[in-house]
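Undergrad: Below: one structure in structure tokens.
Every number in this text was worked out from the coordinates using simple rules, so none of it is lab data. Computed from a predicted structure; not experimentally measured. Using ideal geometry, Cβ is built from the backbone for each residue, glycine included, and neighbour counts are taken over all protein chains shown.
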Amino acid sequence: MTKLGVNIDHIAVLREARKINDPDPIQALGVLALAGADQVTIHLREDRRHIHDEDARRIVELSPLPVNLECSIDESIIDIVCRLRPHRATLVPERREEVTTEGGLDIIKYEDRALKAIERLHAEEVEVSLFIDPDLELMTVADALGAEWVELHTGAYANIHAMLYGNLPHSHHSIVELDLPRHTLKTKLEESLASLSGAADHAASLGLKVAAGHGLNYQNVTPVAAMRAVEELNIGQSIIARSVFTGLEKAILDMKALLR
């Protein structure tokens, strides 16, 4: 079965709405383990809009599950990750004005900086994943950089699926026109899935482990989870949103049922 990493950033988002201490993301760790999650995922953003340094430290130290710490390639952030030594670091792009990560890390443009970050993380025995768009050339570059994992950015697929089936896009930054006819959206959805599957297969053929994530939810996750080469999905906002109504354990169990 495809493994599930649960991103708990949005628990901290709720806390930051009032700038208080409640809810504490640490309290989610036991629930994740009880519900059968395979990994805890957090993103220590440069602007600290949700997860703070102290959150990251406590989560890495106290989590009964492996911790996947998403971060930019900024040197000061890599300094922190090297000190914390989580199980895995996932290198992602960041723009402070974005609502959420809008695309994969350009490891061709930033190859030197990415390589330096990877080498530093490996020196601290932290495995590295690269959050990149589903492009065959990028898979080859990721392998050459020495990463153990790639995480495929599924945002394009998620946006098209949301527009095709009547849900609002997961962000206001849509990568396709909103007024496309239904048959065109269906074609684009098939193309986006083929792109993800092709990139996953190519990465796996190079010896890379393959994860996927961004915008995945209870409506769109099944086709991605079914891809043979995809070993893991990292999902956050949709699980935390459902947990408001069902509780966190039930929300995780519902997602895991879909991954089967």
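Undergrad: Between 155, 207, 215, which gets the highest mean-square fluctuation from a Gaussian network model of the chain, Cα cutoff 10 Å?
TA: Fluctuation is largest for 207.
Undergrad: Then there is this: Grab the DSSP H runs of the chain that are 4 residues or longer, score each as -39,500 (n - 2.57), total them, divide by all residues and round the 222 nm result to the nearest 500 deg cm²/dmol. Could you put the intermediate results ahead of the total?
TA: Details: 11 runs with 122 residues, N = 260.
Helix contribution divided over all residues of the chain: -14000 deg cm²/dmol.
Undergrad: On the first, second and third principal axes, largest extent first, how far apart are the outermost C-alpha atoms of the stretch 1-124 in Å?
TA: 39, 33, 29
Undergrad: Let me ask you something else. Could you line up 195, 63, 205 from fewest to most neighbouring Cβ atoms inside 10 Å? Numbers along the way, then the final one.
TA: Numbers: 195 17, 63 21, 205 11.
Ascending Cβ contact count within 10 Å gives the list 205, 195, 63.
Undergrad: Could you tell me the extents of the stretch 3-259's C-alpha atoms along the three principal axes, largest first, rounded to whole Å?
TA: Projected onto the principal axes, the Cα atoms of the stretch 3-259 cover 49, 45, 33 Å.
Undergrad: Neighbour counts of other C-beta atoms within 10 Å: give me 3, 188 arranged from fewest to most.
TA: Working: 3 17, 188 21.
Result, fewest neighbours first: 3, 188.
Undergrad: While we're looking at this one, here's another question. Can you tell me what share of the DSSP beta bridges in the chain is antiparallel? A percent to the nearest 5 is fine. Walk me through the numbers before you get to the answer.
TA: Details: 0 of 31 bridges.
Of all bridge pairs located within the chain, approximately 0 percent are antiparallel.
Undergrad: If contacts are Cα pairs under 8 angstrom and at least 6 residues apart, what is the relative contact order of the chain in percent?
TA: Numbers: 479 pairs, mean separation 53.2, N = 260.
Value for the chain: 20 percent.
Undergrad: So for each of 117-130, 44-57 I average, over its residues, the number of other beta carbons within 10 Å; can you give me the resulting order with the highest mean first? Working shown, then result.
TA: Working: 117-130: 18.6, 44-57: 16.6.
Packing order, densest peptide first, comes out as 117-130, 44-57.
Undergrad: Please work out the FRET efficiency for the pair residue 61 and residue 191, using the Cβ-Cβ distance as r and a Förster radius of 51 Å; give the result to the nearest 0.05. Mind dumping the intermediate values first?
TA: Details: r = 44 Å, r/R0 = 0.85.
After rounding, the FRET efficiency stands at 0.70.
Undergrad: Between 21, 217, 68, where does the largest GNM mean-square fluctuation fall for the chain, given springs only between Cα atoms within less than 10 Å?
TA: 21
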